1. Note down the nm distance, to one decimal, between modelled labels 7 Å out along Cα→Cβ at K124 and at T468.
2. Calculated FRET efficiency, D205 and K9, Cβ-Cβ r, R0 25 Å, to nearest 0.05?
3. Tally up the carbon and sulfur contribution to the accessible surface of segment 238-285 as a whole percent, 1.4 Å probe, everything protein left in place.
4. Output the pairs from K9/K358; K244/K411; K149/K465 with a Cα-Cα distance over 21 Å in this structure; if there are none, say none.
5. When the convex hull of the C-alpha atoms of the chain is computed, what volume per residue in Å³ does it have?
6. Take every Cα pair under 8 Å in segment 390-440 that's 6+ residues apart, average their separations, divide by the length, and report that relative contact order as a whole percent.
7. Tell me, what is the percent relative contact order of the chain, built from C-alpha pairs under 8 Å that lie six or more residues apart?
8. Starting from the Cα of E406, move 7 Å in the Cα-to-Cβ direction to define the label point; list residues of segment 72-114 whose amide nitrogen is under 20 Å from there.
Amino acid sequence: MKFLSTRGKDKIENSFDTILKGIAADGGLFVPEEIPSLNIEQLVGKSYIELANEVIGTIFNDIEKDDLSDAIKKAYHKFGNKILDIRTIGNVSFLELYHGPTAAFKDFALCLLPQLMMLSLKDKNMDKKVVILTATSGDTGKAALEGFKDVDGIDVIVFYPTDGVSSIQKYQMITQDGKNTHAVGIKGNFDDAQSALKNIFLDKDFSVELDKNGFTLSSANSINIGRLVPQIVYYIYAYLDLVKENKIKIGDKVNVCVPTGNFGNILAAYLAKQMGTPIDKLICASNENDVLTEFFNSGKYDANRNLKVTTSPSMDIIVSSNLERLLYFVSKGNSNLISNLMEDLKTNKFYEVSEELKSNLDDFYAYEISDSKGMEIIKNIFDNNNYLIDTHTAVGYGAYTNYVNETGDDKPVIIASTASPYKFPLWVSKSINIDNNENEFALINEINNITKMEIPTNLKDLDKKRITQNLVIDKNEIKNSIADILKVGD
Ligand SMILES: *Cc1c(COP(=O)(O)O)cnc(C)c1O
């Protein structure tokens, strides 16, 4: 497989180099030269691992089958016996993607990415140390730290907004062990971290300096194609599971709804559709940071606004990187157009697509759900179905309801349930009327008493773990702190 930059000026001939590089030299994102198609009917009945081999292997088709299979086995071994779960209530199937080691869907990609990078380092006989730089709105950071922990030849540095994540998310990161892991709090938000890192990746002088010291950079954010491909698998798996459970017949269409931040997870659903999964509409759910809702409704992407800190912090994002890939696909690979739009975004924090391009986006519906609406939803679903969802998933459910009200289309829907409710105990407990003057750690037990829903092992006793990572810096100090951590320069 070859990979092209969305901005047209970079191209890589194989999967390993693309994964290692992370972002294209022209600032664009890598996309596969062609999207392969699958024979969905032949995949019914496959286990998750078998399906992952099939799907990932058709895109990263130049990786040795045995190597890939080994990497996939090792990655999902970390999930315990249940890789994912699906809870169907009426037409709605919640795709529980939070049974991995850090209790959010990011584990699906971030358990596999280090395995693929290790193979790649071996393949290239690389003498340099790879430094994984990651901006996080809360969940990617922990999943990357955990995924890359103690992997030979790789260091991982994560930047998280020190005031923009839940206490649980923060504790997960600041208690991280491993000799190659660094979690750094910034006084700023996710967008500050993401844009600083994008600049660092394109900073030639810094890259020369790092190179002299034996380092090369890569990314674990969803700008890396190695993050996206593993996420395609679970949408196909969910579809096939509905077939297996006789909820739909093979070939019947379903809708997919995804609580969205950086647009990676929903883009994976779009790719599942392009590869042949009978998916009809894609419902993009936003919290009060509703840039994407506005974009899909008006064709205008307007980043001139302040970021709000909401109860679904992992979606508190204004610049959704992976939308660039979608625009590339729907414009049939018009990299000049994409370069111009992204230039507009950089200089004016704004772009607008043509009517024609907008009409190619009609598979997508987008809605914004407020914090208070989200909490109502958590309560209603719990009261009516004795089922607890987290604040991000609640945004997804709310958007789905709006979609049905607007269109009358109530065909079966798969809603990505992106995190365990125990990751956000403050707002989840408040939603179901638990008196919450207590701290988040005590609330985990309170929620468990009332709901009897199992607490993920990785979140138990988190507050009793030793704090190992306590660096907090200004958002302008990101580059310096990387140099410090790697002991590069003066
Ligand atoms: C990362 C994250 C999202 C947003 O996913 P994107 O791929 O960035 O759109 C939604 N919910 C949770 C819980 C997350 O961790």
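1. 2.7 nm
2. On the way: r = 20 Å, r/R0 = 0.80.
It comes out at approximately 0.80.
3. Working: 540 of 1310 Å².
Heavy-atom surface of segment 238-285 belonging to carbon and sulfur, 1.4 Å probe: 41 percent.
4. On the way: K9/K358 25 Å; K244/K411 17 Å; K149/K465 17 Å.
From the list (K9/K358; K244/K411; K149/K465), the Cα-Cα distance tops 21 Å for K9/K358.
5. Values: hull volume 65.9 nm³, N = 490.
About 135 Å³ per residue, rounded to a whole number.
6. Details: 35 pairs, mean separation 21.6, N = 51.
So the answer I get is 42 percent.
7. 19 percent
8. Only 92-93 pass the distance filter.
The values are calculated or read from the model by the stated rules, or taken from the named source; none is laboratory data. Worth saying up front: this structure is predicted, and the values here are computed from it rather than measured. Note that each Cβ is placed from the backbone with ideal geometry, even for glycine, and that neighbours are counted across all protein chains shown. Just the protein is used for accessible areas: all its heavy atoms, side chains included, with ligands, DNA and RNA removed. Shrake-Rupley method; radii C 1.70, N 1.55, O 1.52, S 1.80 Å.
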